[in-house]
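**Q** Structure below; questions to follow.
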Amino acid sequence: MNATSHETPADPGRVVLLTTSHRVAPGLLSWPAWQALRDADEVLCADGGHPQLPYLGEAGISVDIAAPIAERLVESCAGGRSVVVVATAEGEPGLTDGLARMAGSGRVRMPELELLPASYDLPGARLLDLVRVMDRIRLQCPWSSRRTHEDLAKYGLEEAYELVEAIEEGDREEMREELGDVLLQVIFHARIAEEHRDAPFSVDDVAAGIVAKLIHRHPHVFGEETATTAEEVEGHWLRSKAVEKRRASVTEGVPLGQPGLALAAKLASRVRTAGLDLPLPPVEGVGYDLLALAVRAEGEGVDPEAALRAAARSYRDAIKEAERRAGEPASPSASHPRPR
């Protein structure tokens, strides 16, 4: 027997495909990623402008700027060597396809292949993409670059109504899309606001403001107060809001431009939560009848706007059914009664 028949085949080595998120600050890599980079015999990257390269250089890691080719990588790993490929933003589809073909051929002893995410997106990370895309559109789109807050105001109302409709219809896909459209309005207005000469603010200022408000109005979550019921939570919210706004009247902050039933219900809610003993105006007329209905609905925990929309949808369906029936051809017996 040949002496070489008991020899262990050469170690085929290891290929590590290192992926990073552009939504995380460059250089913030996981510990396994840094270990793989430091232990590598060779580090490759096809993109000479990759945002991670300066930080790898500061860490003393040498990177060869070269497109990784499957055959060459397999050869480079022979003998137990480790090669790390820092993936570009597009990934490395050519490399992975090539490695898959070689592995599928069965003729090549393949190195160990590992996909190693070096940084991860945090929840909400895609919002950074939205901010970046909106910034580019604002700078380069002939229509978007000229819009003002006043131009967009009507779209904010339209998108809000479309979201409400999707919620009431129970259409999950439509709801997701409409939430995106509402979010676009927020991002668009914030981007326009950055350009104001005297009082600019950014989307970060908008987010910081609502974060501070939420924390302040939830002392039972972020502070030492307690709340075990929804009513107690509402009480915390209203007390905090009163301190913040220092309003002279419970009607302050109620937008008069909202739909009439919603406005009436909101005023009734303010009266109720303030504990005011205030009867309705003793005036007759359709408007005051509707006011009374809205106050009654609010007291019973019913949203009068939503209730009226639901009734209107049923009415719409009845109209369509009546139209369908009116469009049907009359039956012979109906058109030509039998002679008696």
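Rundown of residues vs (1) touching a residue at least 12 places away in the same chain (Cβ under 8 Å); (2) surrounded by 11 or more Cβ atoms within 10 Å (Cβ to Cβ); (3) of a type in the set (D, E, K, R), yes/no style:
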site: His196; (1), (2), (3): no, no, no
site: Pro200; (1), (2), (3): no, yes, no
site: Pro219; (1), (2), (3): yes, yes, no
site: Glu224; (1), (2), (3): no, no, yes
site: Glu231; (1), (2), (3): no, no, yes
site: Trp237; (1), (2), (3): yes, yes, no
site: Lys241; (1), (2), (3): yes, yes, yes
site: Lys245; (1), (2), (3): no, no, yes
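**Q** Looking at (1) modelled with pLDDT of 95 or more; (2) open to solvent by 40 Å² or more (accessible area, probe 1.4 Å), which is the only condition Ala78 fails?
**A** Going through the list (1) modelled with pLDDT of 95 or more; (2) open to solvent by 40 Å² or more (accessible area, probe 1.4 Å), Ala78 breaks only (1).
**Q** What do you reckon, is Pro68 out of contact with any Cys (no Cβ under 8 Å at 6 or more places or on another chain), in contact (Cβ under 8 Å) with a residue 12 or more places away in the chain and open to solvent by 50 Å² or more (accessible area, probe 1.4 Å)?
**A** So Pro68 fails the test.
**Q** I'd like to verify a number: residues in segment 247-266 that are over 20 Å from Arg309 (Cα atoms), surrounded by 11 or more Cβ atoms within 10 Å (Cβ to Cβ) and not charged (D, E, K, R), how many?
**A** 4
**Q** Please enumerate the residues belonging to segment 114-137 that are open to solvent by less than 90 Å² (accessible area, probe 1.4 Å), touching a strand residue (DSSP E or B) at 6+ places or on another chain (Cβ under 8 Å) and hydrophobic (A, V, I, L, M, F, W, C).
**A** Across segment 114-137, the qualifying residues are Leu116, Ala118.
**Q** Output the residues belonging to segment 138-151 that are assigned to a helix (DSSP H, G or I) and surrounded by 15 or more Cβ atoms within 10 Å (Cβ to Cβ).
**A** Arg138, Ser144
**Q** For segment 268-337, give me every one of the helices (runs of 4 or more DSSP H) that falls completely inside it and has 1 or more residues that are at pLDDT 90 or above.
**A** 286-299, 304-327
**Q** Among the residues of segment 95-122, count how many are farther than 21 Å from Pro12 by Cα and at pLDDT 90 or above.
**A** 3
**Q** May I ask you to say which residue of Glu178, Glu168 is touching a residue at least 24 places away in the same chain (Cβ under 8 Å) and either in a helix (DSSP H, G or I) or out of contact with any Lys or Arg (no Cβ under 6 Å at 6 or more places or on another chain) (or both)?
**A** The conditions single out Glu168.
**Q** What about Ser21, is it open to solvent by less than 70 Å² (accessible area, probe 1.4 Å) and among the polar types (S, T, N, Q)?
**A** yes
The values are calculated or read from the model by the stated rules, or taken from the named source; none is laboratory data. This one's a predicted model, so the numbers in the text were calculated from it and none came from an experiment. Note that we place each Cβ from the backbone using ideal geometry, even for glycine, and neighbour counts take in every protein chain shown. For accessibility, only protein heavy atoms count, side chains too; no ligands or nucleic acids. Shrake-Rupley method; radii C 1.70, N 1.55, O 1.52, S 1.80 Å.
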